[in-house]
Amino acid sequence: MKEHEAALSALHTKTSKACLYVTETRTPQELIKTISNCIHVKEKFSVDDIPVCPGFIGVGTRGTKGEPVMICEHKLSLTTGYARSCIWIGNFVVVALQEMKEIQIFENANINIKFHAKTAVSSEPWSLARIDNVRFAICFPHNKTVQTMKIDNGLLRVLSTFSTNHDVWDITYNCTDDQLITLSRAGMIDIYKLNGKSVGTIPLNGDLFTAVRNSFTICYDSAAHALYISSQGLHKMVAVDMKGKVLFEYKHPKLQYPRRPDVDTDGNIYVPCYGGDTNSSMHELDKAGKLVREIRLSGAGFCVSFDLNRTKFVVCCDEHAEPYIQIYGFK
């Protein structure tokens, strides 16, 4: 611990960073106490609040998962539209309702999920991206803005708002570089810092540009340094690196209108697809883009999001024109 004290004291005088991420094998309480003694800490989050980067396999994490089983579901009460985006934040599931211009929060308690709170927004909230276990980003394509929000005592609080260069229909977080990657249906993938500073774009060739133009959803795997693009109009998923190099392309006769994917601890990619009530499934792919298995869903899948430990996931789906959020675990 003494080794840390000198380094932390140097950080106190030589850096302007406002947030420190610390990984250590010692107990969280001991480490946080030492940090607090060396540096003025405005707000503390324990190690449990730091999300596992997609693809990371932690100590003691089981590499092979069993069969997914639905734990619980909740029927959404919507006046119009669908639930196209959801994320898991702590003990809450956050759902963006575009047509209703509303964000709803649901509490996940043991084997039940129940409505907790809702917040009206001025424009259509199209997609969500988890930053850590209390903060997330949300994009508003019609007014070309992105907001970062925080769940504070069970309620939503806006932290920042910035304008984007293009209309942003989906957003994902690169935890390695602390960046937001955004998707525009104009055929652009732009990169921003959390303060809204534009730091570049991913170059797209002809076929990749077409795939992006036909996509609404993306997901970045910080461990694999791969961006997964669900090109729903072309019924395929494309994986690229940050330089625009295609890593693999996945097609399957049953992959119809693929939507928002997510990644488990093994780096496997889960791709829900909107195949109607008779052909709705989620395709699990390995890191090379090979099919591991098909996971049957009870309705057309719009989005999947794993929890912090990536042992459970939540799915937004439409079952016989009835919208649900469903939580799955592995047996």
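Here, each number is a calculation from the coordinates, and none is a lab measurement. All figures in this text were calculated on a predicted structure; none of them were measured in a lab. Don't worry about glycine lacking a Cβ; one is built from the backbone with ideal geometry, like all the others, and counts go over all protein chains shown.
A simple count of charges around Asn214, restricted to other residues whose Cβ falls under 10 Å of its Cβ and scoring Lys, Arg +1 and Asp, Glu -1, yields +3.
Kirkwood Rh and Cα-based Rg: tell me the resulting Rg over Rh for region 150-271, rounded to two decimals. Let's see the in-between values first.
On the way: Rg = 14.7 Å, Rh = 15.0 Å.
Rounded to two decimals, Rg/Rh equals 0.98.
Expressed in units of 2.2 N^0.38 Å, where N is the residue count, the Cα radius of gyration of region 210-331 is 0.98. The convex hull built on the alpha-carbon positions of region 68-330 has an orientation-averaged projected area of 12.2 nm².
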